[in-house]
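Take a look at the structure set out below.
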Amino acid sequence: MNRYVKVCACAVILSVFAAFITVPSAWDNLRFKIGNYDIEGETALVKNAIRQFSAHIAGFYDSGGAAAGLNTIPAANMVKRRIAMDIRDLIDKGKVLAIDRDKSSVKQILFADLTHAVAVVDEDWFSQYQDAQLRARKPLSAKKAGFITVRYFLKKMWSRWIIIDYEVYLRDDEMMPVPFEQFLQW
Amino acid sequence: MVKLKNLIISSEALAACAAFIVTYVCLGLSGIFSSVPSSLMKILHKPPALIGLLFLLVIIFVRLLIFAKARSTAGQNGVSGILFYMGIILTIIGILVSSQMRFEGRIYLPEGESFSGDARGYIEGSVYAGKRSFPPAMKLHMTNISPFFRGGRFGSGSIASELLYTGVGNKYEKKMKINSAVPVLADGVFFRIRSFGYAPFYRLTDSSGKLLDEAYPMLRLFPPGAEDSFRVEKQPYTFYMKYYPDRAVIRDKKIPIPEQGKGGLYKLRVARNLEVVFNGYVVPNEIYQVDSTYISFEDLRKWAEIEIVKDYGIFMIAPGLLMIFVSILLGWRRKTNVPKEVFGKESVEENR
């Protein structure tokens, strides 16, 4: 009986080793599954990335899309391109959109693995169209308040969390379940 | 040579092999080392599992030879035992064949459209192909998709569809029905519907009526109440949509539901970066202003996501498992008298 146990134990250990070395990022995934990572630290980094994103796009809009502002936004190129396209569209119409985030409250942060996170944030924004041509930025519309809930999809790349996509909902809108399987392939 | 043979037929070797394979499969299915758990077939195709199965194949084959010889010497046929060993051998060979020959891929196919079997037509990232596999040569034409929504708390449903199928060398088309519940087999290829959705045709224009864009975006709008989104090239908007074929199932009544029209309608929310510029129910064939553009939805097509699997290994694995099951039944019924000493110490002493 002892021989059986020893032989099977060796086979199990060999199998675990084989499974470990044949899966990419096995150690990171294991750490995540057993909870051996700095969840508070990563949560703080995710919150910081979202805060930076909001602050920098507000500045980017306000500057009328100055190219230097693009590099400071912690977002994927597709996201930056959409923002730049919106600003260009407004400039072509002689407008600039001045936006300012008044309040934000993080409702939930979920980690899918060590490099993918989803954050749901309630945000209050004020926005106003202004004349792009005049130095004094004459207002072209009344100041408008927008109360939204944003679901951010973040990925950790080069030790930095960046926003790879986001969904905008009105407050109390029903949110669809997160498509985790698809999200983990982004 | 005798020592090697004794090692191969020893119970410890069999137990070690089985423990290795079972542990490896369990670790793969649990997903403890990966972000997403793998399917059973993909785990069995990985090199460590294949090496374990090869060792197991050798052990079982040698055991089969010894068992068959012992039974014939004893004047007994040992059908259930032989069937058992052969079932395992066939199953393992099937897995080895599958690892090289399996082709698996998914396609989107709307009603009225065809798929020519071209490898580029498969959804990016959905193809899983063994080294010696190739996409099945065939043509599919989707004629009809019928979703069935059971409603209720879990919003479950099923989908059935009718296709025109043309295989390799076939000079005729044949009608084929596939569904989301059970794979359907045709010319050695399995077909099954994995998901379903709607493709509403939109037309986006500017204030002067100039066409900005039009298309059929394929959206996962099933079951009713499911939301999906699409973006338009060169426009800063994101369009979030829901589709209700039957207005009676609409739960969110905070926004007024239009009375015009009788059929289904859409729930549309449009965001321009971080601002919601439109939120409401829209009726097909009506034009709605969204910020500085105008949008209408004029046609609706259904589409299905079809999984296509071609795997010759399955045709060995299935009979192999059946043989194992039948042998267990036979053995249980007949209470077989397989001499337990065949692989024990007595035979080891005899062979020395």
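Take the range B:17-53 and flag every residue that is more than 8 Å from every other protein chain (Cβ to nearest Cβ) and within 11 Å of A:VAL16 (Cβ to Cβ). If the condition is that a residue be more than 8 Å from every other protein chain (Cβ to nearest Cβ) and within 11 Å of A:VAL16 (Cβ to Cβ), then B:CYS26 is the only one that fits.
Condition (residue is surrounded by fewer than 18 Cβ atoms within 10 Å (Cβ to Cβ) and not small (Gly, Ala, Ser)) applied to the range B:232-241: is it met by at least one residue? Within the range B:232-241, one or more residues are surrounded by fewer than 18 Cβ atoms within 10 Å (Cβ to Cβ) and not small (Gly, Ala, Ser). Among the residues making up the range A:82-106, those that are in a strand (DSSP E or B), over 14 Å from the mean Cα position of the chain (by Cα) and more than 12 Å from every other protein chain (Cβ to nearest Cβ) are A:VAL96, A:ALA98, A:ASP102, A:LYS103, A:SER105. Against the test of being touching a helix residue (DSSP H, G or I) at 6+ places or on another chain (Cβ under 7 Å), open to solvent by less than 50 Å² (accessible area, probe 1.4 Å), assigned to a loop (DSSP other than H, G, I, E, B) and in the same structural domain as B:GLN289 (by TED's automatic domain parsing), the options B:PRO224, B:PRO217 yield a single qualifying residue, B:PRO224. Apart from one condition, A:PRO24 fits all of (1) open to solvent by 50 Å² or more (accessible area, probe 1.4 Å); (2) part of a helix (DSSP H, G or I); the exception is (2).
How many residues does the range B:249-274 contain that are of a type in the set (S, T, N, Q) and within 14 Å of chain A (Cβ to nearest Cβ)? I'd like the intermediate steps shown before the answer.
Our first condition is that a residue be of a type in the set (S, T, N, Q); within the range B:249-274, this holds for B:260, B:273.
Right, trim to within 14 Å of chain A (Cβ to nearest Cβ) and you get B:273.
Within the range B:249-274, residues that are of a type in the set (S, T, N, Q) and within 14 Å of chain A (Cβ to nearest Cβ) number 1.
Would you point out which residue out of A:VAL79, A:VAL168 is out of contact with any Pro (no Cβ under 9 Å at 6 or more places or on another chain), open to solvent by less than 30 Å² (accessible area, probe 1.4 Å), within 11 Å of chain B (Cβ to nearest Cβ) and in a helix (DSSP H, G or I)? Result of the check over A:VAL79, A:VAL168: A:VAL79.
Could you please find all residues in the range B:224-248 being more than 12 Å from chain A (Cβ to nearest Cβ) and either among the acidic types (Asp, Glu) or within 13 Å of B:TYR281 (Cα to Cα) (or both)? Within the range B:224-248, B:TYR243, B:TYR244, B:PRO245, B:ASP246, B:ARG247 meet the criteria.
Among the residues of the range B:29-43, count how many are open to solvent by less than 20 Å² (accessible area, probe 1.4 Å) and within 19 Å of B:ARG102 (Cβ to Cβ).
Residues of the range B:29-43 open to solvent by less than 20 Å² (accessible area, probe 1.4 Å): B:31, B:33, B:43.
Okay, now just the ones that are also within 19 Å of B:ARG102 (Cβ to Cβ), so B:43.
Of the residues in that region, 1 qualify.
Listed by first and then second residue, the pairs linking a residue in the range B:179-199 that is among the acidic types (Asp, Glu) to a residue that is surrounded by fewer than 18 Cβ atoms within 10 Å (Cβ to Cβ), with Cβ atoms under 9 Å apart and 6 or more places separating them unless they lie on different chains, are B:ASP187/B:GLY167; B:ASP187/B:VAL168; B:ASP187/B:ASN170. The residues of the range B:69-82 that are open to solvent by 40 Å² or more (accessible area, probe 1.4 Å), in contact with a helix residue (DSSP H, G or I) (Cβ under 8 Å, 6 or more places away or on another chain) and part of a helix (DSSP H, G or I), listed by number, are B:VAL79, B:ILE82.
The values are calculated or read from the model by the stated rules, or taken from the named source; none is laboratory data. Please read these numbers as outputs of a predicted model, since none were measured by experiment. Heads up, the Cβs are rebuilt from the backbone with ideal geometry, glycines too, and the neighbour counts pull from every protein chain shown. All accessible areas refer to the heavy atoms of the entire protein, side chains included, with ligands and DNA or RNA removed. Shrake-Rupley method; radii C 1.70, N 1.55, O 1.52, S 1.80 Å.
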